[in-house]
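J.: Would you mind keeping the following structure in view while I ask a few things?
Where a number appears in this text, it was derived from the coordinates with a stated rule and is not lab data. No experiment lies behind these values; they were computed from the predicted model shown. Neighbour counts run over all protein chains shown; Cβ positions are idealised from the backbone, glycine included.
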Amino acid sequence: MQPIPHETLLGALTWRYAVKKFDPAKRIPAATWSALEGALVLAPSSYGLQPWKFIVVQDPAVRARLSAASYGQTQPVDCSHHVVFALRKNLSAADVDRYIDRTIAVRGGERERLKGYRDIMVGSTERARTAGTLDTWMSHQVYIALGQFMACAALLGVDTCPMEGLDPAKYDEILGLAAQGYATLCACAAGYRAADDKYAAAHKVRFPAGEVVHYV
């Protein structure tokens, strides 16, 4: 793999902004979306447990309901792809075992040789459950996936808008997530900015590097 030029990375991140108005006529090409789907699948997580589900909402009627559940924001309706980032609630030993099974399927080997690693994962998650922090810990992993998705989209010239301005309970109801053991954390609209989105030309407001990056 050849690294991309530094200016390409910084240029893409400077170009990116939270799109307020998408062009509903522009769709993400299939090959581009396939790459972005791959970026979601490849997102890192603690122990590699992947405590998430990414729901790509395509049905216009469902999107309209999600727009209403997003306090009337139009991004869920106008974007090309609306992705809901959901957390695996109350992650259990069964979820750990599922990951162990997948590891063996991909890498080969025997379950007994992974017993020590499995016990570490189960022990960590159980301690977090006892402390009441398990879902919080796992939700942080979902936000890592969101960040990776947005950065990769920018590198591919695809606009995004991360959305926490929504009613998670209504999203869960609309998408039937509770019955699946998942819960909405946030969403991300992806597509292409409208020509008249006034925020596209606005300069980024960031504190200087010297104020936020410290070397010790």
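J.: With N set to the residue count of the chain, report its C-alpha Rg divided by 2.2 N^0.38 Å to two decimal places. Kindly include the intermediate steps, with their values, before the conclusion.
T.: Working: Rg = 19.3 Å, N = 216, 2.2 N^0.38 = 17.0 Å.
Against the compact-globule rule of thumb, the ratio is 1.14.
J.: Given the options Ala69, Ala18, Ala202, which has the most mean-square fluctuation in a GNM of the chain, springs set between C-alpha atoms less than 10 angstrom apart?
T.: Ala202
J.: Still on this structure: Could you state the principal axis extents of the C-alpha atoms in region 1-125, from the largest down, to the nearest angstrom?
T.: Sorted largest first, the three principal extents are 53, 41, 25 Å.
J.: I want to check the label-to-label distance for Asp196 and Gln58. Put each point 7 Å from Cα in the C-beta direction and report it in nm to one decimal.
T.: 3.1 nm
J.: Report, by chain and number, residues whose modeled amide H sits under 5 Å from the one on Asp23, excluding near sequence neighbours (fewer than 5 apart, same chain).
T.: Tyr192, Arg193, Ala194
J.: Compute the helix-to-body angle for 115-131: its Cα long axis versus the longest principal axis of the chain, expressed 0 to 90° and rounded to tens.
T.: 70 degrees
J.: Right, another one. Would any residue of region 94-113 have its amide N under 16 Å from a label point 7 Å out along Cα→Cβ of Val122? List them or say none.
T.: 94-102, 111-113
J.: Students often get this wrong, so check it: of Lys20/Lys53; Lys26/Lys53; Lys21/Lys53; Lys26/Lys89, which have C-alpha atoms separated by over 31 Å? Can you show the working numbers first?
T.: Details: Lys20/Lys53 25 Å; Lys26/Lys53 26 Å; Lys21/Lys53 26 Å; Lys26/Lys89 35 Å.
Among Lys20/Lys53; Lys26/Lys53; Lys21/Lys53; Lys26/Lys89, the Cα-Cα distance tops 31 Å for Lys26/Lys89.
J.: If you filter region 1-96 for chymotrypsin sites (Phe, Trp or Tyr not before Pro), then keep DSSP loop positions with at most 16 other Cβ within 10 Å, what is left?
T.: Here the chymotrypsin sites (Phe, Trp or Tyr not before Pro) that fit, given the DSSP loop and packing criteria, are Tyr71.
J.: I would also like to ask the following. For region 173-187, take each phi angle, set θ = phi - 60°, evaluate the Karplus expression 6.51 cos²θ - 1.76 cosθ + 1.60, and give the result in whole Hz per residue in order, putting x for glycine and proline.
T.: 5, 4, 9, x, 7, 4, 5, 8, x, 10, 9, 5, 9, 6, 9
J.: Shifting gears a bit: Just name one of Leu155, Gln75, Ser46: the one whose Cα is farthest towards the positive end of the charge dipole of region 1-159 (beta-carbon charges, Lys/Arg +1, Asp/Glu -1).
T.: Most positive-ward Cα: Gln75.
J.: I'd like the Karplus ³J(HN,Hα) series for region 102-108: coefficients 6.51, -1.76, 1.60, θ = phi - 60°, whole numbers in Hz, and an x wherever there's a Gly or Pro.
T.: So the Karplus estimates, Gly and Pro as x, are 5, 4, 5, 5, 7, 9, x Hz.
J.: Amide H neighbours of Cys186 under 5 Å, at least 5 residues apart or on other chains, H built in the peptide plane: list them.
T.: Answer set, sorted by chain and number: Phe85.
J.: Calculate, in nm to one decimal, what Ala31 and Tyr47 gain on full extension: separation in residues at 0.36 nm each, minus their alpha carbon distance. Don't skip to the answer; put the middle values down first.
T.: Working: separation 16, 0.36 × 16 = 5.76 nm, distance 2.98 nm.
Using 0.36 nm per residue and subtracting the Cα-Cα distance, I get 2.8 nm.
J.: If you filter region 149-216 for trypsin sites (Lys or Arg not before Pro), then keep DSSP loop positions with at most 11 other Cβ within 10 Å, what is left?
T.: Details: sites: Lys170, Arg193, Lys198, Lys204, Arg206; in loops: Lys204, Arg206.
Counting only loop positions with at most 11 other Cβ atoms within 10 Å, the trypsin sites (Lys or Arg not before Pro) in region 149-216 are Lys204, Arg206.
J.: Taking 8 Å as the Cα distance limit and 6 or more residues as the minimum spacing, I'd like the relative contact order of the chain as a percentage.
T.: 35 percent
J.: With +1 assigned to the C-beta of every Lys and Arg and -1 to the C-beta of every Asp and Glu, and no other charges, what is the dipole magnitude of region 130-214 about the Cα centre in debye, to the nearest 20?
T.: On the way: 5 positive and 9 negative charges, 59 e Å.
Dipole about the Cα centre, nearest 20: 280 debye.
J.: Taking a ≥ b ≥ c as the square roots of the Cα gyration tensor eigenvalues, with a/c under 1.5 meaning rounded and otherwise prolate when a/b beats b/c, else oblate, which class fits region 41-96?
T.: Values: a/c = 3.22, a/b = 2.38, b/c = 1.36.
Prolate is the answer for region 41-96, as a/c is 1.5 or above and a/b outweighs b/c.
J.: Length gain on complete extension for the stretch Lys170 to Glu110, per 0.36 nm per residue less the alpha carbon to alpha carbon distance?
T.: Full extension from Lys170 to Glu110 adds 17.3 nm.
J.: Next question, about the same structure. Just to verify a number: FRET efficiency for Thr130 and Asp97, C-beta to C-beta distance, R0 = 25 Å, to 0.05?
T.: That gives a FRET efficiency of 0.80.
J.: Something else now. Taking the Cα centre of the chain as origin and charging only Cβ (+1 Lys, Arg; -1 Asp, Glu), how large is the dipole, in debye to the nearest 20?
T.: Values: 24 positive and 21 negative charges, 21 e Å.
It comes to approximately 100 debye.
J.: Also, I was wondering about something else. Taking loop as defined by DSSP and a crowding limit of 10 other beta carbons within 10 Å, which GluC sites (Glu not before Pro) in region 1-110 fit? Numbers along the way, then the final one.
T.: Numbers: sites: Glu7, Glu37, Glu110; in loops: Glu110.
Taking region 1-110 and a limit of 10 other Cβ atoms within 10 Å, the loop GluC sites (Glu not before Pro) found are Glu110.
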